[in-house]
């Protein structure tokens with residue numbers, strides 16, 4: 001059975017990686033270390049981290065002591081920032097089917113889909129990597 005709110009594996013990996021990097025406090029964390037901690041393949045993880053780097057949320061350094069670090073303090077990076085890099089902007093829709101034109105005059109579910117979408121967006125906007133860091137601390 002599908003959940004009402006679901007996140008992609010790529011988004012989950014991005015969020016976990018960003019929090020692990022945040023816990024290093026400006027030290028660089030390598031793809032190998034993050035892959036070991038998350039159970040992800042290094043190749044897939046590298047693609048996710050590259051997206052986050054291109055978007056300016058991470059910086060990378062090559063070499064044996066290289067890896068990835070945040071470009072801002074964890075308290076300044078919202079979950080919405082990460083979400084939009086991976087999934088794209090959240091589109092506010094009136095119809096949960098995603099149809100541009102609903103065949104009915106009013107949604108049978110009322111305004112619930114809009115409210116859930118807004119609540120989810122507001123939640124992502126209100127939470128930061130700093131808020132999640134405590135969940136992964138030893």
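The values are calculated or read from the model by the stated rules, or taken from the named source; none is laboratory data. What you see is a predicted model; the values in this text were computed from it and never measured. Here the Cβ positions follow ideal geometry from the backbone for every residue, glycine too, while neighbour counts run over all protein chains shown.
Considering each of 115, 125 in turn, give the residue that is at pLDDT 70 or above, assigned to a helix (DSSP H, G or I), more than 22 Å from residue 25 (Cα to Cα) and under 13 Å from the mean Cα position of the chain (by Cα).
Exactly one of 115, 125 is at pLDDT 70 or above, assigned to a helix (DSSP H, G or I), more than 22 Å from residue 25 (Cα to Cα) and under 13 Å from the mean Cα position of the chain (by Cα), namely 125.
In segment 3-11, is there at least one residue being part of a helix (DSSP H, G or I) and in contact (Cβ under 8 Å) with a residue 40 or more places away in the chain?
Yes, segment 3-11 contains at least one residue that is part of a helix (DSSP H, G or I) and in contact (Cβ under 8 Å) with a residue 40 or more places away in the chain.
Just one of 69, 36, 43, 14 is more than 14 Å from the chain's Cα centre (by Cα), modelled with pLDDT of 95 or more and buried (at least 17 other Cβ atoms within 10 Å of the Cβ); which is it?
Result: 69 is the single residue among 69, 36, 43, 14 that is more than 14 Å from the chain's Cα centre (by Cα), modelled with pLDDT of 95 or more and buried (at least 17 other Cβ atoms within 10 Å of the Cβ).
Could you tell me how many of the residues in segment 16-50 are within 19 Å of residue 86 (Cα to Cα), assigned to a helix (DSSP H, G or I) and out of contact with any helix residue (DSSP H, G or I) (no Cβ under 6 Å at 6 or more places or on another chain)?
Number of matching residues: 6.
What is the one condition in (1) surrounded by fewer than 16 Cβ atoms within 10 Å (Cβ to Cβ); (2) within 21 Å of residue 78 (Cα to Cα); (3) modelled with pLDDT under 95; (4) in contact with a helix residue (DSSP H, G or I) (Cβ under 8 Å, 6 or more places away or on another chain) that residue 55 does not satisfy?
Of the numbered conditions (1) surrounded by fewer than 16 Cβ atoms within 10 Å (Cβ to Cβ); (2) within 21 Å of residue 78 (Cα to Cα); (3) modelled with pLDDT under 95; (4) in contact with a helix residue (DSSP H, G or I) (Cβ under 8 Å, 6 or more places away or on another chain), the odd one out for residue 55 is (3).
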